[in-house]
């Protein structure tokens, strides 16, 4: 029997991080001592108090049934309370908060709710590949908004052609940003609200990294901006905040109609989140400062170590004030892929080529802080040696 893929699947390039994992696993199997600075997956375990909650809740038989698809009331209340405490934003847990199976799942289902064939979706570039790919699944057409160093990695909304803006139905944003690590500039979210209202565009702000900040420079929520809840929503994930990438839990908040549209799509495609995970996530949010501060401290120390190592190697970069990513310019004469390949072959270091996030990422590589200080120091020494 011939099994044929749909055209939308045939046209897909290899998923960036799957390709990196394949290369890394092949080399590890051969016994090569790889330092993995490629994929942003925390190496630090989830804090024990969170694990203790799920251990307790998984023993309760009533938690083994189908969960409520919107999310347990206890979890959604914890999300709303955390938002009020952290950002000063008031939300109704009943219709402005929705549980999601991690931010990737939410981002994947948003086009199902809002994008029709031929609609334009405004996508930051370089950026998380899922924004454009899942929009294309629904027949949407991505219009890429370049994130350039000269604009502090902010999209120039005024450069979007009027005819494109008129056809646009959805805009993705992500600050603090992956892959550039840039924070949102002062006044930028106000520009976004004005643009969205003028052009009737739903804004989806991917806020996965707001709690991974350094030097006490706390990022703002898009929803803090006056008028933001009129035009869109924000997606949060517990993955990076509490080292819970494997748990797959997050939440969407904001405009009740936007959140409701995502919920309607999800209710026909998944069955919610295992209740013990939601109990543990609610506990994490209610104890967020106590649990996330030590994690930030670890990453800040690692940031300082890698900054020193990259400076010693003579590489050009902006020290991140948030996220666990470094966005590093490639040396003269090296493309993103050629430099990533050089580091892999000569230094046994896995990094992500910047052009994997889009054309505007050419000339950069992305490194993560998801390994120990000792390994980051060693990575710096290997890079210096490889570039001689």
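The values are calculated or read from the model by the stated rules, or taken from the named source; none is laboratory data. As the structure is a computational prediction, the values presented were derived from the model and not from experiment. Note: ideal-geometry Cβ built from the backbone for every residue, glycine included; neighbour counts use all protein chains shown.
A quick yes/no check of all residues on (1) in contact with a strand residue (DSSP E or B) (Cβ under 9 Å, 6 or more places away or on another chain); (2) in a loop (DSSP other than H, G, I, E, B); (3) modelled with pLDDT of 95 or more; (4) within 30 Å of residue 341 (Cα to Cα):
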| position | (1), (2), (3), (4) |
| --- | --- |
| 40 | yes, yes, no, yes |
| 68 | yes, yes, no, no |
| 83 | yes, no, yes, no |
| 109 | yes, no, yes, no |
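Looking only at strands (runs of 3 or more DSSP E) that fall completely inside the range 113-180, which ones have 2 or more residues that are surrounded by fewer than 21 Cβ atoms within 10 Å (Cβ to Cβ), within 18 Å of the chain's Cα centre (by Cα) and touching a residue at least 60 places away in the same chain (Cβ under 8 Å)?
Those strands (runs of 3 or more DSSP E) span 141-146.
Could you check the range 230-242 and list, in sequence order, the residues that are outside any strand (DSSP E or B) and in contact (Cβ under 8 Å) with a residue 40 or more places away in the chain? Please lay out each step first, then the result.
Of the residues in the range 230-242, the ones outside any strand (DSSP E or B) are 230-231, 238-242.
Correct list: 238, 239, 240, 241, 242.
Which numbered condition in (1) at negative phi; (2) surrounded by fewer than 23 Cβ atoms within 10 Å (Cβ to Cβ) is the only one that residue 187 fails?
(1)
Is it the case, given these coordinates, that residue 332 is surrounded by fewer than 20 Cβ atoms within 10 Å (Cβ to Cβ) and touching a strand residue (DSSP E or B) at 6+ places or on another chain (Cβ under 8 Å)?
Taking the combined requirement at face value, the residue does not satisfy it.
Quick one: count up the residues across the range 42-71 that are crowded, with 16+ Cβ neighbours inside 10 Å, closer than 23 Å to residue 240 by Cβ and under 24 Å from the mean Cα position of the chain (by Cα).
5
With respect to the numbered conditions (1) buried (at least 24 other Cβ atoms within 10 Å of the Cβ); (2) in contact (Cβ under 8 Å) with a residue 40 or more places away in the chain, which one is the sole condition not fulfilled by residue 220?
Residue 220 satisfies all of (1) buried (at least 24 other Cβ atoms within 10 Å of the Cβ); (2) in contact (Cβ under 8 Å) with a residue 40 or more places away in the chain except (1).
Go through the range 270-291 and give me each residue that's within 25 Å of residue 373 (Cβ to Cβ) and out of contact with any helix residue (DSSP H, G or I) (no Cβ under 8 Å at 6 or more places or on another chain).
If the condition is that a residue be within 25 Å of residue 373 (Cβ to Cβ) and out of contact with any helix residue (DSSP H, G or I) (no Cβ under 8 Å at 6 or more places or on another chain), then 289, 290 are the ones that fit.
Look through 35, 44, 20 and report the one residue that is touching a helix residue (DSSP H, G or I) at 6+ places or on another chain (Cβ under 7 Å), more than 30 Å from residue 284 (Cα to Cα) and either modelled with pLDDT of 90 or more or assigned by TED's automatic domain parsing to the domain that holds residue 348 (or both).
After applying the criteria, what remains is 35.
Pull up the range 365-376, narrow it to residues that are touching a residue at least 40 places away in the same chain (Cβ under 8 Å) and in a helix (DSSP H, G or I), then point me to the one that is surrounded by the most Cβ atoms within 10 Å (Cβ to Cβ).
For the range 365-376, the residue satisfying everything is 376.
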